[in-house]
Every structure is written in C-alpha cells, then in structure tokens.
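Colleague: Take a look at the following structure, please.
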Amino acid sequence: MEERIKIIKGITDDWMESELYPPATDSQISEFEEKMKVIIPESYKEFLRYSNGAELFGGDALLFSVNIDDEYKMNYDFSEGNVPKELLIIGYYNSKHICFDSRDNSFIFYEYEEYDDIKDECIHFLDFYGVLDFMIDIATN
C-alpha cells in the first residue's frame, strides 16, 4: 500500500492532484463496522490506515471514510438506492461506484444496471490494491 500511496502523491499535474486525508485508527474502523453493520475488507482497511478517505486524480475518484458524521462515508449511494444491498460502496470512480461484493470477495466498478445481468461484464479486482493499480495506470498513461 505504501508504494501505491507514494505513486499517487507523485502525480502532481495541477488537474490530477490528489488529497489524502488523515489516517483512521483501528478503533474508528471497528466502531464504524459495528455501528453501520458492515464488514470492511482488509485491503481497504489498510488504505484507511493511510488515509481515511481521499479525493484522487483531480476528483476522478473519491474514496469514502469511516467518519460516521461525514456525508461521504462508506456506503454513501449517490444513485439514491440503485446499488444492490449486497455491495458495500467504498467510493466512486468517474460515474461508477467502487464496491466490494462479499458474495465473491471482489471489488468492482458498478453503474446502474441490474447487477446479476452484468456481473460478468464488470471489471473484478481481487483486492483494493488492484483497484488502486487500475486507477493509477489510467492516471499515468
């Protein structure tokens, strides 16, 4: 994770700058999971320990926090309820939600189609590192 954070911080073009927020503590993460009745995947917890939410690549991506009082906390659905309940929303990338699907332990970019109809078409990532690698690759190429 540390190497990915260094790469993100190193992208300094004016329109591609990123803002990383202060880290979350393990107790903040646990409290959020308990209050919101969610289980946060370990690879995203690792990111939260570096940055409790972030605005990346000039706003192309917003990663949600575990601050209970934040509007853009984890599971914020900007589509007003169109994301299936099985998906844990951790942010957005361009017009897509970044979600964790506990049914197959993968991360996906999800839009508004019926998920069961399109799940084979979604880009699946085994962990949050893969999500970051994908976004970093797009931002740097």
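Colleague: Are there GluC sites (Glu not before Pro) in region 37-99 that DSSP puts in a loop and that have at most 15 other Cβ atoms within 10 Å, and which ones?
Modeller: Glu71, Glu80, Glu86
Colleague: Still on this structure, please answer the following. Enumerate by residue number the chymotrypsin sites (Phe, Trp or Tyr not before Pro) in region 70-112 meeting two conditions: DSSP loop (anything except H, G, I, E, B), and at most 12 other Cβ atoms within 10 Å of the site's Cβ.
Modeller: Those that pass, being in a loop and sparsely packed, are Phe78, Tyr112.
Colleague: Taking all protein chains as present, what is the carbon and sulfur share of the accessible area of the chain, in % to the nearest whole number, probe 1.4 Å?
Modeller: The computed percentage sits at 46.
Colleague: Computed from the coordinates I sent, Rg/Rh (Cα atoms, Kirkwood Rh) equals one of (i) 1.04; (ii) 0.94; (iii) 1.37. Tell me the label.
Modeller: Correct label is (ii).
Colleague: Moving to a separate point now. Report the gain in length on full extension from Asp70 to Thr12: 0.36 nm times residue separation, minus Cα-Cα distance, nm rounded to one decimal.
Modeller: Separation in residues times 0.36 nm, less the Cα-Cα distance, equals 18.2 nm.
Colleague: From the phi of every residue in region 96-108, what ³J(HN,Hα) in whole Hz does the Karplus formula 6.51 cos²θ - 1.76 cosθ + 1.60 yield, where θ is phi - 60° and glycine or proline is x?
Modeller: 10, 6, 9, 10, 10, 9, 5, 5, 10, 6, 10, 9, 9
Colleague: Sequence-distant or interchain residues sharing an amide H contact under 5 Å with Ser106, placed H: which?
Modeller: Asp101
Colleague: Within region 3-72, list the trypsin sites (Lys or Arg not before Pro) lying in a DSSP loop whose Cβ has at most 10 other Cβ atoms in a 10 Å radius.
Modeller: Lys37
Colleague: How much length, in nm to one decimal, is gained on full extension between Glu111 and Lys35, taken as 0.36 nm per residue of separation minus their Cα-Cα distance?
Modeller: 24.7 nm
Colleague: Moving to a separate point now. With a 1.4 Å probe and all protein chains left in place, how much accessible area per residue does region 5-74 have, in Å²?
Modeller: 55
Colleague: Which of the pairs Lys6/Lys37; Lys73/Lys96; Lys9/Lys85 have their Cα atoms more than 26 Å apart in this structure?
Modeller: Among Lys6/Lys37; Lys73/Lys96; Lys9/Lys85, the Cα-Cα distance tops 26 Å for Lys6/Lys37; Lys9/Lys85.
Colleague: Next question. Given a 1.4 Å probe and the protein chains all in place, what does the accessible area of Met36 round to, in Å² to the nearest 10?
Modeller: Here the accessible area works out near 70 Å².
Colleague: So, with +1 on the Cβ of K and R and -1 on the Cβ of D and E, and no other charges, what is the size of the charge dipole of the chain about its Cα centre, to the nearest 20 debye?
Modeller: With Lys and Arg at +1 and Asp and Glu at -1, about 400 debye.
Colleague: Asp104: accessible area at probe 1.4 Å, nearest 10 Å²?
Modeller: 80
The values are calculated or read from the model by the stated rules, or taken from the named source; none is laboratory data. Just so it is clear, the structure is predicted and the values come from calculations on it, not from any experiment. When we count neighbours, we look across all protein chains shown, and the Cβ atoms used for this are built from the backbone with ideal geometry, even at glycine. Surface areas here come from the heavy atoms of the whole protein model, side chains and all, with no ligands, DNA or RNA. Shrake-Rupley method; radii C 1.70, N 1.55, O 1.52, S 1.80 Å.
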